[in-house]
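The structure appears below as structure tokens.
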Amino acid sequence: LLRQDGVPCVFYSDYYGNPARFRPMVPNLGKLIKARRWYAYGEQVDYFDDDHLVGWVRKGDIEHENSGLAVVMSDAEGGGIQMDVGTEHAGQQFFDVLGKCTQPVTIGEDGVGEFFTDARSVSVWAPREAFEDLVINE
């Protein structure tokens, strides 16, 4: 849902669940949809630094206030990736919208921060104002 290319598709049973098959709603799907709609803008840069850890950033743009996201996914052990979200985010703190990682990431003057995720998990990082919109004011 948060990648630049392609057309995102959300299935009814993923969003509302499927009681006949004992499948609940996909956790945090609503947050991911809102993150895409409101904050997943700008240049995308991919990071494939590890066989089991992948990340990408959407750097944001001036037309969408507080836009820009960082995503880290793992299919094995957790870990972190240093990623460049752009110098326009220098000094900002990013927070994990999905709540997997509780410590914020502070972006350096060079626009780089180290973003983490847990084992076999995904974390979606957003600037404080976007995080508050997606999580606190949900």
- line: Of the residues in the stretch 6-50, those that are at negative phi, out of contact with any helix residue (DSSP H, G or I) (no Cβ under 9 Å at 6 or more places or on another chain), assigned to a loop (DSSP other than H, G, I, E, B) and without any contact (Cβ under 8 Å) to a residue 12 or more places away in the chain come to Val7, Cys9, Phe11, Pro24, Pro27, Phe48
- request: Please verify whether the stretch 80-99 includes one or more residues that are open to solvent by less than 60 Å² (accessible area, probe 1.4 Å), among the β-branched types (Val, Ile, Thr) and in a loop (DSSP other than H, G, I, E, B).
  value: yes
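Each row is one residue, and each column tells you yes or no for (1) of a type in the set (Ser, Thr, Tyr); (2) under 17 Å from Tyr39 (Cα atoms); (3) without any contact (Cβ under 8 Å) to a residue 24 or more places away in the chain; (4) out of contact with any strand residue (DSSP E or B) (no Cβ under 9 Å at 6 or more places or on another chain).
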| site | (1), (2), (3), (4) |
| --- | --- |
| Gln92 | no, yes, no, no |
| Leu98 | no, yes, no, no |
| Thr106 | yes, no, yes, no |
| Glu109 | no, no, yes, yes |
| Gly113 | no, no, no, no |
| Phe116 | no, no, no, no |
| Asp133 | no, yes, no, no |
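Just one of Glu63, Glu43 is open to solvent by 60 Å² or more (accessible area, probe 1.4 Å), of a type in the set (D, E, K, R), out of contact with any strand residue (DSSP E or B) (no Cβ under 9 Å at 6 or more places or on another chain) and under 23 Å from Val7 (Cα atoms); which is it?
On the way: Glu43 fails: out of contact with any strand residue (DSSP E or B) (no Cβ under 9 Å at 6 or more places or on another chain).
Being open to solvent by 60 Å² or more (accessible area, probe 1.4 Å), of a type in the set (D, E, K, R), out of contact with any strand residue (DSSP E or B) (no Cβ under 9 Å at 6 or more places or on another chain) and under 23 Å from Val7 (Cα atoms) holds for just one of Glu63, Glu43, which is Glu63.
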- prompt: among the basic types (Lys, Arg) and either modelled with pLDDT of 95 or more or out of contact with any Phe, Trp or Tyr (no Cβ under 9 Å at 6 or more places or on another chain) (or both) - does that describe any residue in the stretch 80-102?
  reply: no
message: As an exercise: evaluate Met73 against (1) part of a loop (DSSP other than H, G, I, E, B); (2) in contact (Cβ under 8 Å) with a residue 40 or more places away in the chain; (3) surrounded by 14 or more Cβ atoms within 10 Å (Cβ to Cβ) and give the number of the one condition it does not meet.
response: (1)
task: Name every residue in the stretch 100-138 that is touching an Asp or Glu at 6+ places or on another chain (Cβ under 8 Å), in a loop (DSSP other than H, G, I, E, B) and surrounded by 14 or more Cβ atoms within 10 Å (Cβ to Cβ), in order of residue number.
output: Lys100, Cys101, Gly111
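Let's see how each residue does on (1) among the charged types (D, E, K, R); (2) over 14 Å from the mean Cα position of the chain (by Cα):
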| position | (1), (2) |
| --- | --- |
| Lys59 | yes, no |
| Gly80 | no, no |
| Thr87 | no, yes |
| Gly113 | no, no |
| Val124 | no, no |
| Pro127 | no, no |
| Leu134 | no, no |
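The values are calculated or read from the model by the stated rules, or taken from the named source; none is laboratory data. Here the structure is a predicted model, which means the values were calculated and not measured. Note that we place each Cβ from the backbone using ideal geometry, even for glycine, and neighbour counts take in every protein chain shown. The area values use the complete protein model at the heavy-atom level, side chains included, leaving out ligands, DNA and RNA. Shrake-Rupley method; radii C 1.70, N 1.55, O 1.52, S 1.80 Å.
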